[in-house]
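Reviewing the structure listed below.
The values are calculated or read from the model by the stated rules, or taken from the named source; none is laboratory data. Only a predicted model underlies this, so the values are computations on that prediction, with no experimental measurement involved. Here the Cβ is made from the backbone with ideal geometry for all residues, glycine too, and neighbour counts use every protein chain on show. All accessible areas refer to the heavy atoms of the entire protein, side chains included, with ligands and DNA or RNA removed. Shrake-Rupley method; radii C 1.70, N 1.55, O 1.52, S 1.80 Å.
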Amino acid sequence: MAQTVAIVDALKAALRANGVTYQQVAAALGLSEASVKRLFAERQFSLQRLDQVCALVGLEITDLVRQLEPQALVDAIAPELEQELVSDMSLLLVAFCALNRWRFEDICATYSLGEPQVITHLVRLDRMGLIELLPGNRIKLLISYDFQWQPQGPIQRFFESRVQEDFLACRFDRPGEIRLFVNGMLSVRSNEVMQQKLRRLALDLRHCHQEDLSLPLEQRFGVSLMIAMRPWEMEVFRRYRRVEDDKCYPGHGDKPQC
């Protein structure tokens, strides 16, 4: 019984991930939506019906069973693999789409990449351990919830040199846009408190991202949040400082932190 529960729960997750509603399942099975909800609640599926529902998301029953097998997830990839990503922009594009749970069909329909090229990139991502490429060009993510790029690694350097300037080339005055710039003078303790709050905000965004992954692609859009905070003084002001006073942040020794 426990395995039946797990299989049906895996099927429900697959339906959510592909944006398939109970109403669509009901139409495929020739049942009412209430009957379908009862089937899932009671987990009373015949093999035939289970197979029919699996077909709606391009799965087979064996795919659901494989999903129940424990699998180690990736927290990070090696710097050389990150370098491979940033060395090929079309590969990097497909990687970011896959990591945001785009389907193969979505990538091909949205970007001017031919199907063979997208498949080639997905195979490379499979080799890197970021995804598992399943039959029918279905994409299974292998990254953990805590996945992060290497600190000061190729992806982060790419962001600093290429993406950051493009991101800030905006007036931030349209719907969905916001830019806040606030300065002040804080103690070391207050600085630490503010950094903790900013980390929680970043975590909130990740939670929202995870919750919205079950929505169809047309209901989601790319959002970037850049949070920056550091002891800092404008260069035009700092050049007037006396050398012996050129310390902006107590506790950092004699190295200026402006």
Roughly how many percent of the accessible protein surface of the stretch 183-231 is carbon and sulfur, given a 1.4 Å probe and a whole-percent answer? 55 percent
Would you work out the relative contact order for the stretch 125-199, in percent, from Cα pairs under 8 angstrom that are 6 or more residues apart? 11 percent
Lysine pairs meeting the criterion (Cα under 27 Å, 8 or more apart or interchain), as found in the chain: 6
Using modelled backbone amide H atoms (1.01 Å from N, in-plane), which distant-in-sequence or interchain residues come within less than 5 Å of I131's amide H? D126, L142
Relative contact order [Cα under 8 Å, 6+ residues apart], the chain, whole percent: 17 percent
With a 1.4 Å probe and every protein chain left in place, work out the accessible area per residue of the stretch 130-186 in Å², rounded to a whole number. 77 Å²
Would you work out what percent of the accessible area of the stretch 95-136, with all protein chains in place, is carbon or sulfur (probe 1.4 Å)? 54 percent
Using a 1.4 Å probe, how large is the accessible area of L225, given in Å² and rounded to the nearest 10? 90 Å²
What size of dipole, in debye to the nearest 20, comes out for the chain about its Cα centre when the only charges are +1 on Lys and Arg C-beta atoms and -1 on Asp and Glu C-beta atoms? 660 debye
Using a probe of 1.4 angstrom, how much of the accessible area of the stretch 23-70 is carbon and sulfur, in percent? 48 percent
Dipole magnitude of the stretch 66-184, debye to nearest 20 (Cβ charges: Lys/Arg +1, Asp/Glu -1, about Cα centre): 220 debye
Using the alpha-carbon atoms, what tilt in degrees (0 to 90, nearest 10) does helix 115-128 show relative to the longest principal axis of the chain? 70 degrees
If each DSSP helix of 4+ residues adds -39,500 (n - 2.57) and the sum is divided by the residues in the chain, what number results at 222 nm, nearest 500 deg cm²/dmol? -15000 deg cm²/dmol
Listed residues R38, R206 arranged by accessible area, highest first, probe 1.4 Å: R38, R206
Kindly identify the stretch 52-134 as rounded, prolate or oblate by the Cα gyration tensor criterion: order the square roots of the eigenvalues as a ≥ b ≥ c, call it rounded if a/c is under 1.5, otherwise compare a/b with b/c, prolate if a/b is larger, else oblate. oblate
Cα-centre dipole for the stretch 1-90 with unit charges at Cβ (Lys and Arg positive, Asp and Glu negative), debye to 20: 800 debye
With a/c under 1.5 counting as rounded, go ahead and sort the stretch 5-54 into rounded, prolate or oblate using the C-alpha gyration tensor (a ≥ b ≥ c being the square roots of the eigenvalues; past the cut-off, prolate if a/b is larger than b/c, else oblate). rounded
Taking the solvent-accessible surface of protein heavy atoms with a 1.4 Å probe, what is the per residue accessible area of the stretch 29-75 in Å²? 64 Å²
If R0 = 30 Å, then L203 and E132, at their Cβ-Cβ distance, give a FRET efficiency to the nearest 0.05 of 0.65
Mind listing the phi-derived Karplus ³J(HN,Hα) values for the stretch 158-168, rounded to whole Hz, using 6.51, -1.76 and 1.60 with θ = phi - 60°, and x for any glycine or proline? 4, 4, 5, 8, 10, 8, 4, 5, 5, 4, 7
